[in-house]
Structure formats: C-alpha cells, structure tokens
C-alpha cells in the first residue's frame, strides 16, 4: 500500500524539511530527536482527480521522534507510513528502508518506555530520557544523522 492514514503528530514533517528547492542541496534539517535517516525523492502517483505524476527532488532527511508521537494519544505508536508526514512528504518517507527504520525505532521506544516505566511522550520531552534513548539507538547500530556533506 503506497498511502495510508497518518497520525496528527507532535512533529509533522513538511516539504520545508525535505524539498531540495526549499532547503538547497546541502540543507539537511538536523533533528536533535532523530531516530533514523532516509533519502528518496518525493514521488506521488496520479490521483483520482487525474493529476499527473509528481517528482520533486529532496535532500537526505532525518526522522524526528516527534513524528512518531500522536498529538493526542499517549498509548499508541505508528510504525510505518502512518507517522506525522504530509501527503507530499509521505512521498519520500513511504519507502521500505525508511519504514523499517521507523518500525525499529517504534519497537525500541515502546520497550524503552516500558523498561523506564514512562511514556513515549515523556522520552521525547525529558532531555535525560531522550539522550538515553538516542544513545541506545546508536549503540544498536541505528544511523541517526547524515554526515555533513560540505566537509566542515
């Protein structure tokens, strides 16, 4: 399934975060709460309205933890295409490697929150918990940030 329902998230990834035309070729939006990375063009297929194929250049992106957190529910985590993206940005977040990264982060977040007797939202909101969680992701091999492509 190419498209699914998406949550209204604490953080919504918009075209301003990933479009090369908006952020420039070196404009990776750095996320302190990144739980992974992705890189794919924004491609959307024709709709029932007869719109033509859309293909927009994008930059490598970081997946914000806030996009995995529903704005109103605290006992629910999305784990694939249903995170906080727009219809446009879902075009580059819907690919399998990104979905797998999101699923891994969601599973680890659920286990981490249970182990700490807290909520996923608290992990995002409290600096110490967020640092512990992102350190866990890094220890287990999750790439959280893209290297600086400008060389400095």
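Numerical summary
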{"item": "Unmet criterion (only one of (1) assigned to a helix (DSSP H, G or I); (2) within 25 Å of residue 4 (Cβ to Cβ); (3) at pLDDT 95 or above) for residue 142", "result": "(1)"}
{"item": "When residues of the stretch 55-91 are limited to those that are under 21 Å from residue 27 (Cβ atoms) and part of a strand (DSSP E or B), the one modelled with the lowest pLDDT", "result": "55"}
{"item": "First in the stretch 104-119 and in contact (Cβ under 8 Å) with a residue 12 or more places away in the chain, second anywhere and in a helix (DSSP H, G or I), Cβ under 6 Å, 6 or more apart", "result": "106/68; 109/120; 112/133; 119/113"}
{"item": "In the stretch 23-38, the residues that are assigned to a loop (DSSP other than H, G, I, E, B) and either within 22 Å of residue 120 (Cβ to Cβ) or without any contact (Cβ under 8 Å) to a residue 40 or more places away in the chain (or both)", "result": "24, 25, 27, 29, 30, 31, 32, 33"}
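The values are calculated or read from the model by the stated rules, or taken from the named source; none is laboratory data. Nothing here was measured: the structure is a model prediction, and the numbers come from that model. Ideal geometry is used to build each Cβ from the backbone, glycine not excepted, and the neighbour counts take in all protein chains shown.
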